[in-house]
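A quick write-up on the structure given underneath.
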Amino acid sequence: MKMILVIISFLFTGFCLQGQSEQEILPPNYIYTIDFEGSSGQTGNPVLRQGEKLKLSFDDIIGDEADYYYTIEHYNYDWTPSKLSKSEYMEGFDDVRIFNYKNSYNTLQGYSHYELEFPNSDTRGLKVSGNYMLKIFNSEKEAVFSRKFMVYEPLAKVSVNIRRSRALEFISEKQVINFSVDSPDLILKNPDETVNVLLMQNQNLKTAIKNIKPQYSIGNELIYRYDQETAFFGGNEYLQFDNKDLRASTVDINYIELNDLYHHHLFPDRARANEPYTYQPDINGGFVVRSLQGREPETEAEYSWVHFKLRNYSQLDGGEIHIYGGFNNFQIDETTRLRFNEETEMYEGARLFKQGFYNYKYVLKNQDGSIDEGFFSGNFDETENDYQVLVYYRSPGARYDRLIGIGSASSTNITN
């Protein structure tokens, strides 16, 4: 009887693990400036059309020319592994060493800069659409980090409109996505079961809205006109700094020190949640590596410690303050945390950044692990945000989810 229970427990555990969504592997503390982008130039979790190029670059600040390898895996809509074999979704092969790397030149912080593009001579293309994950391994076959990306085939037209919330309590704080899916050349059978959508704000998969069913259909067009179910908090425009010139203070940088590395001290920020909305152009959390000191910023840009300060008088109730943005794919860890300095009465923190232009904001990590993006910045319906709607379809009897179309819109065109 005991043996039977052990076998049942083992089988149940294996089943649960098989059905779990795959999470991205966070990079260790020696991997920095991961830039992962498609043809749009937006870094993060790119969405690209079949046949378009994908580029990954990153720095290893140990700088010892370590060997790194990559693999590409296919996933279902919910990020569980698909049942396709590698030969069914990939033309060519992976598990290949990244040969394109250079060492930094004339920098205080040495590093090795790696670049990977595909399709390439080894991985010649991806045969099917859907969700993918690029994984990077070291020479010991240990996973170093991973990034998600999506490949679509243009079979459906996705029309997107951004509206203010119809709920009076959120009318000045939320932005609602209304959209429709029209696929004249592909009949979407039983869409309540076979069609899935993903709504994404500013290339951030971590806050995406999922599992939304169509409200009704007109012919072969699916209509989604929800309110709260497809609403995002508007947030506020991102803060920014630009340290492309190592030795010059700017409107963002208060003063500069040189110790072992450069230290850029930003002007103190303040909580904006209770202030009126003010438009400030941003790149929605993104970043651009650039340097005035060298012609090739990939290997000549310097690393510096950027110091953040925040004046905050709100109760945190045990929460933590972090800086947040696309510079590390909207991830929080110990390198992004700010701690209270009793001498200055401000929350302070420092993180290593490669020279360039960066967007960031302050967020609150609650005790339950959730992130409140608007706690310090506030939420405003006027905020400029980019939205994407991804439409997946699994026809009856199919073995994987196809990504059949995407739609995009900006909240600059928000309506009532």
Identify, by number, the condition in (1) open to solvent by 10 Å² or more (accessible area, probe 1.4 Å); (2) farther than 25 Å from TYR75 by Cα; (3) of a type in the set (Val, Ile, Thr); (4) modelled with pLDDT of 95 or more that THR336 doesn't meet.
(1)
Inside region 230-275, can you point out the residues that are under 30 Å from GLU169 (Cβ atoms), outside any strand (DSSP E or B) and touching a strand residue (DSSP E or B) at 6+ places or on another chain (Cβ under 8 Å)?
THR230, GLY234, GLY235, ASN236, TYR238, ALA271
Based on what the data block shows, is LEU205 more than 26 Å from ARG164 (Cα to Cα), of a type in the set (A, V, I, L, M, F, W, C) and surrounded by 15 or more Cβ atoms within 10 Å (Cβ to Cβ)?
no
Quick one: in region 393-410, which of the residues that are outside any loop (DSSP other than H, G, I, E, B) and open to solvent by 10 Å² or more (accessible area, probe 1.4 Å) is farthest from LEU126 (Cα to Cα)?
SER410
Restricting attention to region 101-125, report how many residues are of a type outside the set (Lys, Arg), touching a strand residue (DSSP E or B) at 6+ places or on another chain (Cβ under 6 Å) and open to solvent by 80 Å² or more (accessible area, probe 1.4 Å).
1
Taking the condition of being assigned to a strand (DSSP E or B) and either within 30 Å of GLU65 (Cβ to Cβ) or open to solvent by less than 40 Å² (accessible area, probe 1.4 Å) (or both), how many residues in region 153-193 meet it?
11
Examine region 213-233 for a residue that is in contact with an Asp or Glu (Cβ under 7 Å, 6 or more places away or on another chain), open to solvent by 70 Å² or more (accessible area, probe 1.4 Å) and without any contact (Cβ under 8 Å) to a residue 60 or more places away in the chain, and state whether such a residue exists.
yes
So which residues in region 338-374 are more than 22 Å from ASP59 (Cβ to Cβ) and charged (D, E, K, R)?
ARG339, GLU342, GLU343, GLU345, GLU348, LYS361, LYS365, ASP368, ASP372, GLU373
Could you check region 146-160 and list, in sequence order, the residues that are touching a Ser or Thr at 6+ places or on another chain (Cβ under 7 Å) and polar (S, T, N, Q)?
SER159
Complete set of residues in region 284-304 that are under 24 Å from ASN45 (Cβ atoms), open to solvent by 70 Å² or more (accessible area, probe 1.4 Å) and not charged (D, E, K, R):
VAL288
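Residue-wise test of (1) open to solvent by 20 Å² or more (accessible area, probe 1.4 Å); (2) not in a loop (DSSP other than H, G, I, E, B).
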| residue | (1), (2) |
| --- | --- |
| VAL306 | no, yes |
| PHE330 | no, no |
| TYR347 | yes, yes |
| TYR358 | no, yes |
| PHE375 | yes, yes |
Just to check your reading of the model, which residue among LEU5, LEU56, LEU48, LEU17 is of a type outside the set (Lys, Arg), over 17 Å from GLU142 (Cα atoms) and modelled with pLDDT of 95 or more?
LEU56
For region 267-281, which residues satisfy the criterion of being buried (at least 19 other Cβ atoms within 10 Å of the Cβ) and either in contact with a Leu (Cβ under 8 Å, 6 or more places away or on another chain) or among the hydrophobic types (A, V, I, L, M, F, W, C) (or both)?
ASP269
Given (1) in a strand (DSSP E or B); (2) in contact with an Asp or Glu (Cβ under 7 Å, 6 or more places away or on another chain); (3) within 25 Å of ILE283 (Cβ to Cβ); (4) open to solvent by less than 10 Å² (accessible area, probe 1.4 Å), identify the lone condition not met by LEU390.
(2)
Set TYR77, TYR32: member being buried (at least 20 other Cβ atoms within 10 Å of the Cβ), over 29 Å from PRO297 (Cβ atoms) and modelled with pLDDT of 95 or more
TYR77
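The values are calculated or read from the model by the stated rules, or taken from the named source; none is laboratory data. From a predicted model like this one, the values you see are computed outputs, not experimental measurements. So basically every Cβ, Gly included, is an ideal-geometry build from the backbone, and we count neighbours across all protein chains shown. Remember, those area values only see protein heavy atoms, side chains included, never the ligands or the DNA or RNA. Shrake-Rupley method; radii C 1.70, N 1.55, O 1.52, S 1.80 Å.
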